Amino acid sequence: MGEIAVAPWSVVEHLLLAAGAGTERLQEAVQVAGLEAVADAIVDELVVRCDPLSLDESVRIGLEITSGAQLVRRTVELDHAGLRLAAVAEAPAVLRFDAVDLLEGLFGPVDGRRHNSREVRWSDSMTQFSPDQGLAGAQRLLAFRNKVSTAVHAVLAAAATRCSDLGELAVRYGSDKWADLHWYTEHYEHHFSRFQDVPVRVLEIGIGGYHAPELGGASLRMWQRYFRRGLVYGLDIFEKAGNEGHRVRKLRGDQSDAEFLADMAGKIGPFDIVIDDGSHVNDHVKKSFHALFPHVRPGGLYVIEDLQTSYWPGYGGRDTEPAAQRTSIDMLKELIDGLHYQERESRRGTEPCYTERNVAALHFYHNLVFVEKGLNAEPAAPGFVPRQALGVEDS
Ligand SMILES: C[S@@+](CC[C@H](N)C(=O)[O-])C[C@H]1O[C@@H](n2cnc3c(N)ncnc32)[C@H](O)[C@@H]1O
């Protein structure tokens, strides 16, 4: 038998091999192949990975692939037929990736490292609206934004080492936890994945939709789907109609009413997870935390979203020093001090307060914090450890 004629592999074979051999080796491979060819290989890989979307019309997404000072552009389009290269360059959203980081994510080993050096830019067409366009105009804009967010998320999911299904669920159900407003879902995924397959009780403050009874519930549906053995409670100050599913219960109440919260939690808690996505008024955030944190199970998490309002006077925040009033961020800074109460001379001989004894960790992200419940009983550094740094004068 004669030899089988095998067409040579394109640049992808070299990239595949190099991606498992360390960053320097991959950088070399990108240089040898040239960024144009690398960008083509990346688009080919996205074509393979990207799921078709049930969109009524295709959405274009710009791609910028960088390597050092070099930048190469491509535009892709997505619809029910999947992803393909587009003929027209203009797009309502542009994704920028570092080539080496993206290739390591696509083709490298799964080693726990996060490959997320990507940026998203939204064009003006995502925000342009004037009141004289009326309700129909607002609905058109919302539909367009949702379509573009869906497409951008699909490309990012295809570019991820593994698909982050929480981001996909956020887009599918219409929660703003992943969209052009917030990028929370990858952090949720990071902290919540250990709860995904265990029975959990989840409470979210803020169902969504504000006054409109028939609107909201997106994140409740998302949590129900994500926590496949979860019972999900949603709390809102407004009455909420609609059935979100057999594992969701909706409650009406005010998160600024500490007595109500404690009573409610006594009846339906304890919770594994509490998420505050309610009014975002600083005073409410602090009251809710102090009322509900005692009802979080050890090992559980208390999450506060939209911490930007700590800096917004309209929400009882401030952007100046010193503190005119305590903000949510001020409360969280105190929790950090509380985590280290054992190390403070000023606290010697005094009993820790509830949060000092029960906050085990704080994980901060942009506008988002995860407060982990657990016994904070690690003793202070022993007495023989000098409290005076060598060579540093006592001031
Ligand atoms: C940003 S939306 C929640 C979005 C929803 N969590 C999601 O991700 O789809 C905020 C909700 O908090 C509710 N809210 C505002 N003030 C509140 C309060 N004092 N107590 C409880 N809920 C409140 C609003 O009615 C609104 O529906």
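Annotation: extensible slack from W312 through L390 equals 23.8 nm (criterion: 0.36 nm per residue apart, minus Cα-Cα distance). With a simple spin-label model that places each label point 7 Å from the Cα along the Cα-to-Cβ direction, the separation between Y354 and L85 comes to 6.2 nm. Connecting C-alpha atoms closer than 10 Å in a GNM of the chain, tell me which of F260, F192, F370 has the biggest fluctuation. Judging by the Gaussian network model, the answer is F260. Summarising the amide proton neighbourhood of D276: residues at separation of 5 or more, or on other chains, whose placed amide H is nearer than 5 Å comprise I205, V303, I304, E305. Exceedance of the 26 Å cut-off in Cα-Cα distance is limited, within the set K240/K286; K240/K373; K177/K240; K250/K287; K333/K373, to K240/K373. At an R0 of 41 angstrom, the distance between the Cβ atoms of K267 and D111 translates into a FRET efficiency of 0.40. The value of relative contact order for segment 37-155, using C-alpha pairs under 8 Å at least six residues apart, is 24 percent. A straight Cα-to-Cα reach below 14 Å connects K147 with the aspartates and glutamates D56, E57, E77, D79, E168, D176, D180, residues fewer than 8 places away in its own chain not being considered. Which FRET efficiency value, to the nearest 0.05, do you get for D283 and L71 by plugging their Cβ-Cβ distance into 1/(1 + (r/R0)^6) with R0 = 56 Å? That pair, D283 with L71, gives E of 0.75. Counting only DSSP H runs of at least 4 residues, each contributing -39500 (n - 2.57), and dividing by the residue count of the chain, the helix-based mean residue ellipticity at 222 nm comes to -10500 deg cm²/dmol. With 0.36 nm allotted per residue and the present C-alpha distance subtracted, the A212-D197 stretch has 2.1 nm of extension available. Under 5 Å from the amide H of G269 lies no amide H of any residue 5 or more positions distant or on a separate chain, with H modelled from the backbone and absent for Pro and chain starts.
Can you classify the chain as rounded, prolate or oblate using the Cα gyration tensor, where a ≥ b ≥ c are the square roots of its eigenvalues, rounded means a/c under 1.5, and otherwise it's prolate if a/b beats b/c and oblate if not?
Here the chain falls in the oblate category.
Beta bridges from DSSP with both residues in segment 10-163: antiparallel share about 75 percent, rounded to the nearest 5.
Readers should treat all values here as calculations from the given coordinates under stated rules, not as data from a laboratory. Bear in mind the structure is a predicted one, so any value in this text is a computation, not a measurement. Here the Cβ is made from the backbone with ideal geometry for all residues, glycine too, and neighbour counts use every protein chain on show.
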